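S.K.: One structure follows; several queries about it will come next.
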Amino acid sequence: MNVPVLAPLTPAARRVLDAASELFYERGIHAVGVDTIAEAAGVTKKTLYDRFGSKEALVVAYLQHRDAQWRDLLDKYLTRVPEPGPDRVLAVFDAAISWSDENGAKGCSAINARAEIGDGHDGHPVFPEIARQKVWLLDLFTEILRDANDVDPATMAKRMMLLYEGAIVTVGMETYPHPFDVARDMARSLLTAPAR
């Protein structure tokens, strides 16, 4: 699995990224200024800009950092189910259950960022990172389903993606408890249906 690798960070840059990650996720990107991040990290604004260049670049680093953590967890779940088949697809949902319980009370950081920056048609530098993460997950579902000899892996991957994305938005909206459990059950039904 190709996990995004962040460049090695100095101790000050690591503190900036950690502070920004917590603040952006908890409060939102627009609500948190660089002064607040620098203060929380115990650095000057100059240090923040020296290490990341801009707030937008820091947002990209934040999204990449969370994505790398998610992929690391997901990889552990997929390693537990090495054989192709429905259980390997369901392992993605199992990982998401674990992730959302520990790290995702406000839903998906990429979706939340997308809601704040708009549609990406204005050339905002954060949008390509958001799109990359979502395309990667769709490609992963497609690959797992292709390995399982699904009759139409591209279509089934889109269905799995919709279940996954619907669940993660529902987590953030707190519409009802445990949406990934519901999504997993629906995924199992789709994957094991006799004739599709």
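The values are calculated or read from the model by the stated rules, or taken from the named source; none is laboratory data. All of these numbers come straight from a predicted model, not from anything done at the bench. A quick note on method: Cβ atoms are made from the backbone with ideal geometry, for glycine too, and the neighbour counts reach across all protein chains shown.
S.K.: Looking at (1) out of contact with any helix residue (DSSP H, G or I) (no Cβ under 6 Å at 6 or more places or on another chain); (2) surrounded by 16 or more Cβ atoms within 10 Å (Cβ to Cβ), which is the one condition that is false for R66?
M.R.: (1)
S.K.: Next question. Out of all the residues in region 59-80, is one or more acidic (D, E), assigned to a helix (DSSP H, G or I) and farther than 17 Å from W136 by Cα?
M.R.: The answer is no; no qualifying residue exists.
S.K.: In region 168-181, what count of residues is obtained for those that are of a type outside the set (D, E) and out of contact with any Ser or Thr (no Cβ under 8 Å at 6 or more places or on another chain)?
M.R.: Residues that pass the stated criteria total 7.
S.K.: Can you spot a residue in region 51-60 that is within 22 Å of A96 (Cα to Cα) and not aromatic (F, W, Y)?
M.R.: Scanning region 51-60 turns up at least one residue that is within 22 Å of A96 (Cα to Cα) and not aromatic (F, W, Y).
S.K.: For region 164-191, give me the residue count where each residue is in contact (Cβ under 8 Å) with a residue 40 or more places away in the chain and either within 15 Å of A91 (Cα to Cα) or of a type in the set (A, V, I, L, M) (or both).
M.R.: 13
S.K.: Still on this structure, please answer the following. Report the residue count in region 79-99 for those that are surrounded by fewer than 17 Cβ atoms within 10 Å (Cβ to Cβ) and not polar (S, T, N, Q).
M.R.: 6
S.K.: I need a count of the residues in region 145-162 that are touching a residue at least 60 places away in the same chain (Cβ under 8 Å) and under 18 Å from the mean Cα position of the chain (by Cα).
M.R.: Residues in region 145-162 being touching a residue at least 60 places away in the same chain (Cβ under 8 Å) and under 18 Å from the mean Cα position of the chain (by Cα): 1 in total.
S.K.: Now for a different question. Just wondering, is there one or more residues in region 23-39 that are at negative phi, touching a helix residue (DSSP H, G or I) at 6+ places or on another chain (Cβ under 8 Å), among the hydroxyl-bearing types (S, T, Y) and not assigned by TED's automatic domain parsing to the domain that holds P125?
M.R.: yes
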